[in-house]
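Chemist: Below: one structure in structure tokens.
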Amino acid sequence: VLRNDGTLSDVGNIYDILQLDENKAPVDYSSVKILAKSLPVVMYLGYFIGLKNILKMLNMEYRYIEPRKQKNLEKHEFAVTFLDGSYVFSKKDKTAASVVAGLLEYEKELKAYSFDELNNKDVYLNLLNAKGMSSFYIREMENIQQLFVDPISKDLLEEMKEPTTFNGLLIRATEMLQSYDHPDSQDTKYMRIRGYERFAGIIYRQVADSIRSYKHRNIAGKSKIEMSPYDIWQTIMKDPAVKLVEDINPIQNLKESEIVTYVGVGGRDKGSMNKASRAYHKNDMGVVSEATVDSSDVGINAYLSANPKFKNLRGLIDDTEGVTPSNLVSTSALLAVGADKDDFKRVNKCSLWWKCHKQTSLIAGNS
């Protein structure tokens, strides 16, 4: 509450203010999408490492209550009932509680199994079947486990000091969900500008899709991994970001290697790019130049500065302080004498002038 003197004071728990029973309130839990269906993170992790290992990994303390005994839950606790009794967990560690609370989604089904049985993979197939998820989803879970983190992503995660396994990333994502803090959607500091690496990404995606199809078909053990020789080529040719190289004007050719865009395979759709998404961010300074296109793609397509501040070849942004003129403006603006003294709207026209100059040169050459 904001006091009259401008200071803030804590008024306590919202349940106490509204005089509600906190034990009857639903407990938040994290989930992961498996083929368009939500699966609690605890069920995904339990299939691969077992429930006991999850609790050990999360340092989650719990107490056991025998069947038909009063639970006497405190405000910060919740209970999950199994065949052999109830297990009470604390909500004080929000990350751990958000993972384990996913068991409550299967509260009715868990009453037919003991606590120790959830360390067995076979039990999870029965639990998923009860929610309308067949063995097809189990195979997809195994595919994600093996293919989600590719070699390039693994190197980047190691550099960012983040988990390099899908299991670890699920825990880390649950941890990040405990706060409402988030960067702006167009903050370059939290993005990665990819170049020709996108070709490797397209190839990896096609290979992963082929492996996925093989594993879903390979029930009798007679299937083969198949991939059309034209799949990758067709994906590249259908990419909206593809454009023919123009090598007549060297400046225009250089500009095409400096262009960045939100669209393309794995990118965003133009229809989803509203006004706020097209805005320049303060962290763009030193990476993205003043140059942009003169069309409806403003804010979707832009140009890098002549010397963008990249941390490495993977396109991570160097967020250290200090910029030079070559970090700020485009190659076209650097070649325009006196551009730094001109109005910024006219400076933006410098990049368009080089394109017009190319067309003029072509006309002069033809004449």
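The values are calculated or read from the model by the stated rules, or taken from the named source; none is laboratory data. Nothing here was measured: the structure is a model prediction, and the numbers come from that model. Positions of Cβ are backbone-derived with ideal geometry, glycine not excepted, and every protein chain shown enters the neighbour counts. Keep in mind that these areas ignore ligands, DNA and RNA; they rest on the heavy atoms of the full protein, side chains included. Shrake-Rupley method; radii C 1.70, N 1.55, O 1.52, S 1.80 Å.
Chemist: Any idea which residue in the stretch 307-334 is farthest from Gly271 (Cα to Cα), counting only those that are open to solvent by less than 40 Å² (accessible area, probe 1.4 Å) and of a type in the set (A, V, I, L, M, F, W, C)?
Modeler: Among those residues, the one meeting the criterion is Ala333.
Chemist: Identify, by number, the condition in (1) touching a helix residue (DSSP H, G or I) at 6+ places or on another chain (Cβ under 8 Å); (2) farther than 18 Å from Ser31 by Cβ that Met160 doesn't meet.
Modeler: For Met160, the failing item is (1).
Chemist: With (1) in contact with a strand residue (DSSP E or B) (Cβ under 8 Å, 6 or more places away or on another chain); (2) within 25 Å of Asp342 (Cα to Cα); (3) touching a residue at least 24 places away in the same chain (Cβ under 8 Å) as the list, and Val293 as the residue in question, which single condition is left unmet?
Modeler: (3)
Chemist: Of all the residues that make up the stretch 126-166, how many are of a type in the set (D, E, K, R) and in a helix (DSSP H, G or I)? Before you say what the answer is, go through the steps one by one.
Modeler: First, the residues of the stretch 126-166 that are of a type in the set (D, E, K, R): 131, 139-140, 142, 150, 154-155, 158-159, 161-162.
Okay, now just the ones that are also in a helix (DSSP H, G or I), so 139-140, 142, 154-155, 158-159.
So the count comes out to 7.
Chemist: Oh, and also: Suppose we keep only residues that are in a loop (DSSP other than H, G, I, E, B) and touching a helix residue (DSSP H, G or I) at 6+ places or on another chain (Cβ under 6 Å) within the stretch 187-236. Which one would you say is nearest to Phe136 (Cα to Cα)?
Modeler: To start, the set of residues in the stretch 187-236 that are in a loop (DSSP other than H, G, I, E, B) comprises 187, 191, 193-196, 218-230.
Among the residues that remain, those that are also touching a helix residue (DSSP H, G or I) at 6+ places or on another chain (Cβ under 6 Å) are: 187, 223, 225, 227.
Values: Asp187: 38, Ser223: 16, Ile225: 18, Met227: 21 Å.
Filtering the stretch 187-236 for residues that are in a loop (DSSP other than H, G, I, E, B) and touching a helix residue (DSSP H, G or I) at 6+ places or on another chain (Cβ under 6 Å), the one nearest to Phe136 (Cα to Cα) comes out as Ser223.
Chemist: Moving on. Tell me whether the stretch 64-74 contains one or more residues that are buried (at least 17 other Cβ atoms within 10 Å of the Cβ) and in contact with a helix residue (DSSP H, G or I) (Cβ under 8 Å, 6 or more places away or on another chain).
Modeler: No, there is no match, as no residue in the stretch 64-74 is buried (at least 17 other Cβ atoms within 10 Å of the Cβ) and in contact with a helix residue (DSSP H, G or I) (Cβ under 8 Å, 6 or more places away or on another chain).
Chemist: For the stretch 27-67, which residues satisfy the criterion of being part of a loop (DSSP other than H, G, I, E, B), within 30 Å of the chain's Cα centre (by Cα), over 11 Å from Val100 (Cα atoms) and without any contact (Cβ under 8 Å) to a residue 60 or more places away in the chain? Spell out the reasoning first.
Modeler: Residues of the stretch 27-67 part of a loop (DSSP other than H, G, I, E, B): 27-30, 35-36, 50, 59-61, 66-67.
If we keep only those that are within 30 Å of the chain's Cα centre (by Cα) as well, we get 27-30, 35-36, 50, 59-60.
Now drop any that are not over 11 Å from Val100 (Cα atoms), which leaves 35-36, 50, 59.
Hits for the stretch 27-67 are Ala36, Asn59.
Chemist: Could you please tell me which pairs satisfy a Cβ distance under 9 Å, a separation of 6+ or placement on different chains, a first residue in the stretch 337-352 that is free of Cβ contacts under 8 Å to residues at least 12 places away in the same chain, and a second residue that is open to solvent by 100 Å² or more (accessible area, probe 1.4 Å) and in a helix (DSSP H, G or I)?
Modeler: Ala339/Arg346
Chemist: Take the residues in the stretch 87-125 that are assigned to a loop (DSSP other than H, G, I, E, B) and aromatic (Phe, Trp, Tyr), then tell me which one is most open to solvent (accessible area, probe 1.4 Å).
Modeler: Going through the stretch 87-125, the residues assigned to a loop (DSSP other than H, G, I, E, B) turn out to be 91-93, 111-115, 120.
Cutting the leftovers down to aromatic (Phe, Trp, Tyr) gives us 113, 115.
On the way: Tyr113: 44, Phe115: 4 Å².
Residue satisfying both the conditions and the ranking: Tyr113.
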